[in-house]
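Inspection log for the structure reproduced underneath, given as structure tokens.
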Amino acid sequence: MLGADVVVEDHAVVGKQPTLGARSTASRDELPGLVVGDGARILAGAVVFAGSRLGRGVIVGDQACVRERCELGEEVVVGRGALVENDTTIGARTRIQANAYVTAYSTLEEDVFVAPGVVTTNDDFMGRTEARLAQMRGPTIRRGARVGGGAVLLPGIEIGEEAFVGAGAVVLADVPPRAVVVGNPARQIREVPESELLG
């Protein structure tokens with residue numbers, strides 16, 4: 001279902017049904033139709049799957065992809081070539097920049113910023129053992145947190161509210177609210193100054 005004033009540009013695909021591999025862990029339940037809120041923009045070559053909901057004013061950039069059972073709040077931006085995997089929730093006004101990868105089973109709250117080339121992960125076992133299925137989950141990125149270009153977030157970690165992850169950081173553990181972390185492995189160097197907080 002497309003809301004009012006929705007734009008779907010050339011070669012975009014909306015409401016695509018997934019094709020799952022024989023060993024995929026994704027749900028095989030029948031999917032409801034795609035719901036796209038008023039004023040949304042699905043740009044050239046983008047693919048948005050069935051069973052997802054895009055809020056008012058969402059932009060899915062050129063050649064970006066939003067998989068099935070995703071919930072995108074109002075005014076979310078998914079940049080060019082970015083991929084949002086299945087069963088992910090993204091809060092209002094969050095921005096995911098070009099070529100970022102948001103893994104399945106992730107939660108991004110409101111006003112999150114994900115820079116270009118960020119990689120998130122959800123499987124500590126990388127496809128081995130059945131034990132992984134009960135533990136598979138992506139990161140949780142709390143309200144107003146920012147993740148710098150090329151950072152890598154390991155499975156199940158939490159980035160606290162208003163935290164700042166520096167470019168290229170490899171985040172192995174939870175990041176406290178307002179913490180600024182950098183490096184590999186990421187370590188805290190200070191707190192986000194009051195002047196940068198959303199309030």
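Rule-based calculations on the coordinates, nothing more; no lab input. Here the structure is a predicted model, which is why all the values come from computation and not from measurement. When we count neighbours, we look across all protein chains shown, and the Cβ atoms used for this are built from the backbone with ideal geometry, even at glycine.
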Taking the chain and counting helices only, DSSP H stretches of n ≥ 4 at -39,500 (n - 2.57) each over all residues, the nearest-500 ellipticity at 222 nm comes to -500 deg cm²/dmol
Taking 95, 132 and counting other C-beta atoms within 10 Å, the order from fewest to most:
132, 95
Normalised by the residues of the chain, what does the relative contact order come to in percent, with Cα pairs under 8 Å and at least six apart?
11 percent
Rg/Rg_globular for region 100-193, with Rg_globular taken as 2.2 N^0.38 Å and Rg from C-alpha atoms
1.02
May I ask for the Rg/Rh ratio of region 1-94, computed from Cα atoms with Rh as the Kirkwood radius, given to two decimals?
0.95
Which whole-Hz couplings ³J(HN,Hα) result when phi for each residue of region 60-73 is put into the Karplus expression 6.51 cos²θ - 1.76 cosθ + 1.60, θ = phi - 60°, listed in order with x for Gly and Pro?
10, x, 3, 6, 7, 9, 10, 7, 6, 6, 9, 10, 10, x
Between residue 196 and residue 9, take the C-beta separation as r, use R0 = 41 Å, and let me know the FRET efficiency to the nearest 0.05.
0.75
Region 86-107 to region 1-33: how many Å between their Cα centroids?
16 Å
Mean separation of Cα contacts under 8 Å, 6 or more apart, over the residue count of region 100-193: relative contact order %
22 percent
Size descriptor, Kirkwood hydrodynamic radius, that averages inverse alpha-carbon separations across region 71-136, Å
12.4 Å
Work out the FRET efficiency for residue 17 and residue 184 from their Cβ-Cβ distance, taking R0 = 45 Å, and round it to the nearest 0.05.
0.70
